[in-house]
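The values are calculated or read from the model by the stated rules, or taken from the named source; none is laboratory data. For clarity, every value in this text was computed on a predicted model and none was experimentally measured. Neighbour counts are summed over all protein chains in view; Cβ atoms, including those assigned to glycine, are modelled from backbone coordinates with ideal geometry. To get the accessible areas, we keep the full protein, side chains included, count just its heavy atoms, and leave off ligands, DNA and RNA. Shrake-Rupley method; radii C 1.70, N 1.55, O 1.52, S 1.80 Å.
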Amino acid sequence: MKHVILGTAGHVDHGKTALVRRLTGIDTDRLQEEKSRGISIELGFAPLILPNNISLGIVDVPGHEHFIKTMLAGAAGMDLVLFVIAADEGIMPQTREHMDILNLLGVTRGAVVITKTDLVDAEWLSLVREEIQTYLADTPFSTAEIVEVSSVTGAGIDQLLQVLMDLCASLPERSDSDRSRLAVDRIFTMPGFGTVVTGTLWSGSLSVNQKLDLHPSQKEVRIRGLQVHGEKRQVAYAGERVAVNLANIEKKNISRGDWLAEAGWLSESYRIDIQLNLLPDAPDMRHNERVHVHHGASHALARVSLLDRDVLPAGESCFAQLLLETPLTAVFGDRMVLRFYSPLSTIGGGIVLDPVAPKHKRNHAKTLELLAEKASGDTLTLLFHDIDRSPSLWTSADAELRPSLDKLVSSGQIVCLEDRLYLSSQRYCQLKEQVQTFLCAYHQQFPLRPGVPKQELLSRFCPNFDQKEFKSLIAGFEADQVLASNDAFAFLSDFHPQLPAELDTSYQDLLQCFIAGQYAPPSLDCVCSTIGLPLSSVEELLSYACYCGSLVRCEDGLIFSAETVSRAEQTLREQTQDSGFTLAQARDLWGTSRKYALALVDYFAKSRLTRRSGDIHLWL
Ligand SMILES: Nc1nc2c(ncn2[C@@H]2O[C@H](COP(=O)(O)OP(=O)(O)OP(=O)(O)O)[C@@H](O)[C@H]2O)c(=O)[nH]1
Ligand SMILES: [Mg+2]
């Protein structure tokens, strides 16, 4: 199902909120101040189901020039726009500024809506329409439908709905298989639930219990619950307006403009390379100009380092690096809007070419060449970003891509793992470092354990990987000598569990408990009280004893001394080597209970000493 974000735009008081109310029945001006001043201040949200069942999330933005920052936050995630112009006033300053912003953000699909048609006569309306058509000719909306409506009488609304259905049909679908990223635009606490954030899900999907990173603070959070327009969900999809109930975080630690993103994906940065586009009516831009940068719902101050000149004339483009005063978290291809520091006005925009850029020398041929390559969007670059954006490992059966993939591997941009599974080198190194650090700390905390259960690494560091992908990642790590592993555990290559000298006596006592217990091993409580250690320490000693082979852990958790197990086998073999045995026979020969006999018999079968034929266990 297609999920579409529909926004409003246009000058203050031109009827955006009234139009949303007419379409949805919802008044998005909720604040007391909005009602008393008669203008929108905050973003407003409402769902709209079109007659053909496509569900739209509407974002209503304020038109007043004081709230452009809020408008920018709302406009950044739009798929479609209702570009509103009031019939009685025509084109006004924020009509133009909003158009510039939409353009810079790449929001270029939508309908132009002439509102308040009930306030003007036919002659006036046709004059306004002409004025609008002339204005639109130089914008990406030159061929957009122009719909005349009145939110008071309802005239034109059905026609508008039809136009929206056509627009949705022509809209490319957002990909749910991209990595997940949500732009946070509201944060509140709900009694009984805790912290809730809302935002537009730009890409990927979100599911309950998923772990995410909050940027730019780099905090790890978990999704406790999800809602889309008041409806409870297990999964939310790209292009939906989502309310996310978060565990492990307080409201005060989140701000509008933060990103919730797939764990381990994004990095914030103080340096971002962009293709800078200056608006035709902006003042020329000098090198090192200080500007406001708007990205998604976030905002930062920055100096603009022009990489190949000292002045950029209005209407022109060049490569530039933003030197940010506070970090932003962007992705290749993201759009940004730049506003002048003083006086405040929108001057241009940027397309992100390197979200985590190194320091550059200016007028440096190699740097400019590289940026030109990124900006050109050639196949290699696009392929790389496809791989980089994939939430799990990337693969393709398309043989034609092989030469390009090989090129990316040999240039060090991507890594090829077993089974032709690919990921970006940056991500591979990031994972490698994270896993190494984790193993190091784990070994220190649990020196007696053989290592980390592999499944724990999977769920902790790459929850989106399937078993095959995980296996291939581990194989890559093993080849790079990051770690070693066996069936169950992963560990640093040079690690061996070691018994600290001060635990030696307790360890011997513990072994003795099991040797003495013979076919009826002691309970853990009993072991704890005999050797005088708490359960947690006893568990560690047990894990070590099993690792060394002094104790044997059977399937259902029952533990026997290795001595007992080997005696059990010997006794049984002496009597039943040729005939095989039943469970009851083994139990009687060992003189133990059914429970313990069953554990041992299962263990022999699992160790491939025996095989079963009906009730009889035959020796192999
Ligand atoms: N007669 C008439 N009045 C309208 C129409 N649409 C809106 N209005 C009135 O115009 C005023 C402004 O409408 P809003 O919908 O709040 O305008 P807005 O564009 O949302 O304003 P901001 O959000 O502050 O930019 C309100 O008093 C509305 O009742 C219309 O089609 N006909
Ligand atoms: Mg409004």
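Go through the range 469-491 residue by residue and tally those that are open to solvent by less than 30 Å² (accessible area, probe 1.4 Å) and assigned to a loop (DSSP other than H, G, I, E, B).
Matching residues across the range 469-491 total 2.
Would you check which residues across the range 46-64 are within 12 Å of ligand 2 (Cβ to nearest atom) and part of a loop (DSSP other than H, G, I, E, B) and list them?
61, 62, 63, 64
Considering only residues of the range 35-45 that are in a loop (DSSP other than H, G, I, E, B) and open to solvent by 10 Å² or more (accessible area, probe 1.4 Å), which is farthest from ligand 1 (Cβ to nearest atom)?
Among them, the one singled out is 42.
Looking at (1) in contact (Cβ under 8 Å) with a residue 60 or more places away in the chain; (2) in a loop (DSSP other than H, G, I, E, B); (3) under 54 Å from the mean Cα position of the chain (by Cα), which is the only condition residue 596 fails?
Here residue 596 meets the rest and fails (2).
Looking for whichever is open to solvent by 60 Å² or more (accessible area, probe 1.4 Å), in contact with a Pro (Cβ under 8 Å, 6 or more places away or on another chain) and either basic (Lys, Arg) or more than 24 Å from residue 263 (Cα to Cα) (or both) here; the options are 460, 449. Which one fits?
Exactly one residue qualifies, and that residue is 449.
Looking only at the range 92-129, which residues are among the hydroxyl-bearing types (Ser, Thr, Tyr) and either farther than 26 Å from residue 162 by Cβ or surrounded by 15 or more Cβ atoms within 10 Å (Cβ to Cβ) (or both)?
Listed by number, the residues that qualify are 95, 115, 117.
Testing residue 463 on (1) under 22 Å from the mean Cα position of the chain (by Cα); (2) in a helix (DSSP H, G or I); (3) touching a residue at least 40 places away in the same chain (Cβ under 8 Å), one condition comes back false. Which one is that?
Status for residue 463: all satisfied but (2).
Filter the range 9-34 for residues that are open to solvent by less than 30 Å² (accessible area, probe 1.4 Å), assigned to a loop (DSSP other than H, G, I, E, B) and more than 10 Å from ligand 2 (Cβ to nearest atom) and give the result.
The answer is 11, and nothing else.
I'd like to know if the range 552-561 contains one or more residues that are over 45 Å from the mean Cα position of the chain (by Cα) and outside any loop (DSSP other than H, G, I, E, B).
Yes, the conditions are met somewhere in the range 552-561.
When you scan the range 83-96, do you find a residue that is farther than 19 Å from residue 154 by Cβ, in contact with a Leu (Cβ under 8 Å, 6 or more places away or on another chain), away from ligand 1 (no atom under 12 Å from the Cβ) and not basic (Lys, Arg), even just one?
Checked the range 83-96: no residue is farther than 19 Å from residue 154 by Cβ, in contact with a Leu (Cβ under 8 Å, 6 or more places away or on another chain), away from ligand 1 (no atom under 12 Å from the Cβ) and not basic (Lys, Arg).
As an exercise: evaluate residue 395 against (1) hydroxyl-bearing (Ser, Thr, Tyr); (2) open to solvent by 50 Å² or more (accessible area, probe 1.4 Å); (3) under 20 Å from residue 352 (Cβ atoms) and give the number of the one condition it does not meet.
Just one mismatch for residue 395, condition (3).
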